[in-house]
1. Do we have VAL84 as within 25 Å of HIS113 (Cβ to Cβ) and surrounded by 21 or more Cβ atoms within 10 Å (Cβ to Cβ) here?
2. Please go through region 135-157 and pick out each residue that is under 25 Å from LEU81 (Cα atoms) and either of a type in the set (A, V, I, L, M) or in the same structural domain as CYS74 (by TED's automatic domain parsing) (or both).
3. Here is a list of conditions, (1) within 20 Å of ARG108 (Cβ to Cβ); (2) surrounded by fewer than 18 Cβ atoms within 10 Å (Cβ to Cβ); (3) modelled with pLDDT of 95 or more, and ARG22 meets all of them except one; can you say which number that is?
4. Which residue out of LEU61, LEU17 is touching a Leu at 6+ places or on another chain (Cβ under 7 Å), farther than 21 Å from GLU130 by Cα and not polar (S, T, N, Q)?
5. Determine whether GLU89 is more than 27 Å from ALA173 (Cα to Cα) and of a type in the set (D, E, K, R).
6. Where in region 131-248 are the helices (runs of 4 or more DSSP H), entirely inside, with at least 1 residues that are modelled with pLDDT of 90 or more and surrounded by 18 or more Cβ atoms within 10 Å (Cβ to Cβ)?
Amino acid sequence: MLRENRILLLRKEETFLVDAIRSNLINNDYQVDVIGITVRELSKHKDESAVMILYADQSILEAEEFLVYLKDLCGEENKILIVVGDREEFEFIDQHIPSEDIVAKILRPLDMHVLMSKVEEVTDEEYEEERKKCVLIVDDDVTYLQMMRQWLKDKFRVGMAASAPQAITFLTANRADLILMDYEIPVTKGPQIVEMLRSEASFSSIPVMFLTGKSDRESILSVVDLKPVGYLLKSMDRSDLVEKIEEFFGTQRYIK
């Protein structure tokens, strides 16, 4: 399987253990960039890899600005973060970076095998795919479904359904983070499908955005009780659509 072969190793200074981590990564065919724990240095190298290993020592307790920047990278750019440290350092880091943004905390004294196993796991292509948010598109127009999938597939895992039964079948087997629901889908209209989903405990909390060709006040007010998280015009271009969905997920993360 393909994998992310480049790793950013973040540390305050060179130590025997930092050097050992770098050597083990190189011996396992990874490219390693060792950089300092500063906003300036990380901002220069952040686009070089999705995977970061933070080697924390006591100096991390004075690196609040850096940790805030690291948190923003994890949240906004979906970076993969592994932290090596002790319990005091973990507690301090937890005050600045949400636990869900740290894929692993590895205690010192370090078991190098545990670290390398975790690196191998998170650099696997399938792992990266699974981390993407899942968006289910419900629309009876197959051509539109395929176009939407092409627009979104690089950023999100995409499910497609052309009817209420297909949507329920998908949701029964898959976790969806957002549903894009055609407002005017024939037979069972979009709002009716959402009402059905809201009545099922397993699906009731999934956020829904309506896809519509209308922007009139009456259409919007008619579904207010269903508490949709937004309305997207079908005439939107690709960049605006992706931006709106990413903005929604960013807001969700901030709320959490």
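The values are calculated or read from the model by the stated rules, or taken from the named source; none is laboratory data. This structure is a prediction, so every number in the text was calculated from the model and none was measured. Cβ atoms come from the backbone with ideal geometry, glycine included; neighbour counts cover every protein chain shown.
1. Judged against the criteria, VAL84 is a match.
2. VAL135, LEU152
3. (2)
4. Answer to the check: LEU17.
5. Against the criterion (more than 27 Å from ALA173 (Cα to Cα) and of a type in the set (D, E, K, R)), GLU89 qualifies.
6. The helices (runs of 4 or more DSSP H) meeting that bar are 142-152, 164-173.
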